[in-house]
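Peer 1: If you scroll down you'll find the structure; I have some questions about it.
No value in this document is a laboratory result; all are computed from the given coordinates. Every value quoted in this text rests on a predicted model; they were computed, and no experiment measured them. Neighbour counts run over all protein chains shown; Cβ positions are idealised from the backbone, glycine included.
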Amino acid sequence: MTTNPVLAAVDDDAATLTHQQLRELYTLMAAVRHLDSSAVAWQRQGIIPGYAPELGQEAAQVGSGYAVDRTRDFVFPTYREMGVARAMGLDMVGYMSTHKATWHGGMYNPLESRFAPIQAVVAGSVLHAVGWAHGQTLEGHATGETGVAMTYFGDGASSQGDVHEAMNFAAVMKAPVVFFIQNNGWAISVPTERQVAGGSVAARAAGYGIPSLQVDGNDVVAVYEATRSAFAHCRAGNGPVVIEAMTYRRGPHSTADDPGRYRTLEEERLDAGEDPLEQFKQQLLTEGVADEAFFAEAQRLAEEEEEAVRAGIADLGPRPGAEMFSLVFQEPTPALQAQATTWREESEHA
Amino acid sequence: MPETITDLRITANSMDTPAAGVEQLSMQQALNRALDEILAENPKTVIFGEDCGRLGGVFRITDGLQAKHGEARVFDTPLAESGILGMSVGLAMAGFHPIPEVQFDGFAYPAINQIVCQIARMNYRSRGTLPMPITLRVPSFGGIRAPEHHGESLEALFAHVPGLKVVSPSNPHDAYHLLKYAATRLDPVIFMEPKSRYWQKGPVDVTTAVPGEATHDGDTSSGGSLTGSRVAREGRHLTLVAWGAMVSRCLQVAELAAEDGIDVEVLDLRWLKPIDAEALAKSVGKTRRAVVVHEAPLTSGLGAEVAQLITQSCFATLKAPVERVTGFDVPYPSGDLEDEYIPNIDRILFGIQRVLEYRRG
């Protein structure tokens, strides 16, 4: 796996992660791993109707999300960024509520969370990040102070025309955007080699004059450092950066998917590479950053957290039907209000 | 709707005598002036699109605005409509009021995902925390002998999408006020400009129909509110319902019909979503006959919605089924055939005749 340097990276002197930060990263990854695996079980148990697991992408998601400055940056997720959400400290009941089918965009507040509503259109929000980022430029922040947009998408989404438009717009406007690609090898059943021409998504960045990094997406520290460099590059007014984190979707596309129809268990074992969580654990042990007691405690915390989130999800009742009508517009139309009235009368009568 | 808006009246019909604040402007000039004032009044508004900056747009609607307000407020984008509209979403999320332009109606198609799946739904998806105060200007409809995809009527497509509002002015005065109104809304508005009417001049009273101000002469019989329709001509025998460029044609038809003793009312719908159902009921309740006129193809066009609203409110008193005079279910034709496609005076008169001659049983 090659790592091309970010052009004009400005944080070469940035401090390395402290032991405390490394342990925090592990704690986050452990929490994400356990919540993710549990969510699949919730679906099997009938607690939620569906879920899109991110098993194997914990390092890519936690490492990148950990680099976000929640006071000024903004993240544009897809529907598979639970690890980013957790690393950014979102209300996880609010996040997971989208999978409970409570509300499409989730129940968290996107403005306070600095995390856009969950996006089901593949590559749908990549352009939104460019617009938001250009807005930061228009605000005229002092050099080095601007907010940065980070947009997530996958190798499959990279085929969408909106990604091309977004990269071109961002480069032309020098918008502070980090395009964070998780290349997890699969777009449902279609492997990357049937999806991405030109060798990699990162390779395309050169065509837009955008610096790019291809990074081991299973190495949380490498991902964090790449993302931090990219943010520094953007914040300094140098325009966008592309990061392609090479990882592997160890689970199905969603709980409705059956990977056995397009890949064998042996292929999964060979292609998945090292488990990012286990790899990081061994690294921390080897470097003396953490001991077995720490890992046991991290697991205990993860289980405690999952129980709380599960309880919160189970307690979520359906939203009032009136919200179907009241949240369409800021200023509802008379026709919609009339429909709401009819709905209320007829549903009450029934 | 805010109460302060519903009482505002547009009185374009009562301006035969130029008064203070009334100017003769083309629709292009009226729109340009409205945008100029919008930029001055709200520092969060930004105007962008293809050739909107230095050139001032291919129709010159944004002429001079970049020079006056700067490249940060009025700028050119790369040539990609999905990019323009997707970028609008992000700018709105960042607190801006984008006024993007799609250069021609047919170029909205490449952006349909961003319009339908994103702009229209972000307020809903975000539970009202991320409003989309976007005014999408779309030079619309036919009549200028333009190439393919430059003469489309997309109102039914847009009106069908939950979360969008749709408006189309028919004259310079309405264009000025409706654009200023749309640009202060917190919901996305598709602003369909009748490109064939850009260069016709008319009186624009810039002193009235501004939110918070009273009517300038108290005449509300023909003005209508900024959120509703406008009676463009009063009549007793039949109501022609139209919008955009078809309004002036219907007014011509009304004059010709008057020579035969037929007193035609012309209702300029203006808002295509929400449709002013009350005004339809009031007008057709009086005339008991209606013909809807639009350039868009017949099948599933907005005329069907209008006809249903009329039938719902006026079924008992209607003297004939609501007639539709529209474009045909064909791709918009080349310029040589344009006049065969767009409802012309004769076809509208035939429609009126069919309604007047209708006999039950």
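Peer 1: Report the trypsin sites (Lys or Arg not before Pro) located in the range A:26-126 that are in a DSSP loop and have at most 16 other Cβ atoms inside 10 Å of their Cβ, or state none.
Peer 2: Those that pass, being in a loop and sparsely packed, are A:70, A:72.
Peer 1: At each listed q (0.07, 0.10 Å⁻¹), what is the log10 of I(q)/I(0) that the Debye formula gives for chain A modelled as equal alpha-carbon point scatterers?
Peer 2: -0.31, -0.62
Peer 1: OK, next. Under a 5 Å amide H to amide H cut-off, with H placed in plane at 1.01 Å, what residues pair with residue B:45 once short-range neighbours are removed?
Peer 2: Hits under the 5 Å cutoff: B:97.
Peer 1: Hand me the GluC sites (Glu not before Pro) from the range B:261-361 located in a DSSP loop with no more than 10 other Cβ atoms within 10 Å, in residue order please.
Peer 2: Hits after loop and neighbour filter: B:357.
Peer 1: When ranked by the protection proxy of mean other Cβ atoms within 10 Å per residue, highest first, what sequence do the peptides A:196-202, A:36-42, A:283-289 form?
Peer 2: Result, highest mean first: A:36-42, A:196-202, A:283-289.
Peer 1: Could you give the longest part of chain B that holds none of the trypsin sites (Lys or Arg not before Pro) found in DSSP loops with at most 13 neighbouring Cβ atoms within 10 Å?
Peer 2: Answer from the scan: B:237-358.
Peer 1: With springs connecting C-alpha atoms under 10 Å apart, model chain A as a Gaussian network and identify which of A:193, A:323, A:81 has the largest mean-square fluctuation.
Peer 2: Top of the fluctuation ranking is A:323.
Peer 1: Right, another one. Roughly how big is the range A:71-174's charge dipole about its Cα centre, with Cβ charges of +1 (Lys, Arg) and -1 (Asp, Glu), in debye to the nearest 20?
Peer 2: It works out to roughly 180 debye.
Peer 1: How large is the convex hull of the C-alpha atoms of the range B:25-202 per residue, in Å³?
Peer 2: 98 Å³
Peer 1: Going out from 0 in 10 Å bins, what whole percent of all Cα-Cα distances in the range B:230-361 drops into each bin?
Peer 2: Pair shares across the bins are 13, 48, 32, 6, 0.
Peer 1: Could you tell me the distance between the Cα centroids of the range A:179-217 and the range A:115-176, to the nearest Å?
Peer 2: First find each Cα centre; the distance between them is then 16 Å.
Peer 1: What is the spread of the Cα atoms of the range A:180-280 along each of their three principal axes, largest first, in whole Å?
Peer 2: 46, 31, 23
Peer 1: Here is the link list: B:165/B:195; B:165/B:282; A:174/B:195; A:174/B:165; B:180/B:273. Which ones come out longer than 26 Å on Cα distance?
Peer 2: Violating the 26 Å limit, Cα to Cα: A:174/B:195; A:174/B:165.
Peer 1: Using the Cα gyration tensor of the range A:23-182, with a ≥ b ≥ c the square roots of its eigenvalues, what is the shape: rounded (a/c below 1.5), prolate (a/b larger than b/c) or oblate (neither)?
Peer 2: Prolate shape, in that a/c is at least 1.5 and a/b is the bigger ratio.
Peer 1: Mind jotting down the distance between the C-alpha centroids of the range A:28-75 and the range A:237-300, whole Å?
Peer 2: The range A:237-300 and the range A:28-75 have Cα centres spaced 12 Å from each other.
Peer 1: Roughly speaking, what is the centre-to-centre gap between the range A:314-350 and the range B:96-149 when only Cα atoms are used, to the nearest Å?
Peer 2: 26 Å
Peer 1: Here's another thing I want to ask about it. When N counts the residues of the protein assembly as shown, how does its alpha-carbon radius of gyration compare numerically with 2.2 N^0.38 Å, as a ratio?
Peer 2: Relative to the 2.2 N^0.38 Å estimate, the protein assembly as shown comes out at 1.08.
Peer 1: Looking at the square roots a ≥ b ≥ c of the eigenvalues of the Cα gyration tensor of the range A:77-170, which shape do they give, rounded for a/c under 1.5, prolate if a/b is larger than b/c, or oblate?
Peer 2: In terms of gyration-tensor shape, oblate.
Peer 1: Counting only other chains, what is the mean number of Cβ atoms within 10 angstrom of the Cβ of each residue in peptide A:100-110?
Peer 2: Mean shielding by partner chains, rounded to a whole number: 3.
Peer 1: Also, I was wondering about something else. What list of ³J(HN,Hα) values in whole Hz, one per residue of the range B:153-163 in order, does the Karplus curve 6.51 cos²θ - 1.76 cosθ + 1.60 (θ = phi - 60°) give from phi, with Gly and Pro shown as x?
Peer 2: Once θ is set to phi - 60°, the couplings for the range B:153-163 become 10, 9, 4, 5, 4, 5, 5, 6, 8, x, x Hz.
Peer 1: Residues of A:130-141, mean number of Cβ from any other protein chain within 10 Å of their own Cβ, rounded to a whole number?
Peer 2: For peptide A:130-141, the averaged partner shielding equals 6.
Peer 1: Could you state the per residue volume, in Å³, of the convex hull enclosing the Cα atoms of chain B?
Peer 2: Given the Cα convex hull of chain B, per-residue volume reads 137 Å³.
Peer 1: Please list, in chain and number order, the residues 5+ apart from residue B:292 or on another chain whose amide H is under 5 Å from its amide H, with Hs placed from the backbone.
Peer 2: Under 5 Å from the amide H of residue B:292 lie the amide H atoms of B:241, B:323, B:324, B:325, each far enough along the sequence or on another chain.
Peer 1: Of the beta bridges DSSP finds with both residues in the range B:25-202, what % are antiparallel, to the nearest 5?
Peer 2: Here the antiparallel bridges make up roughly 10 percent for the range B:25-202.
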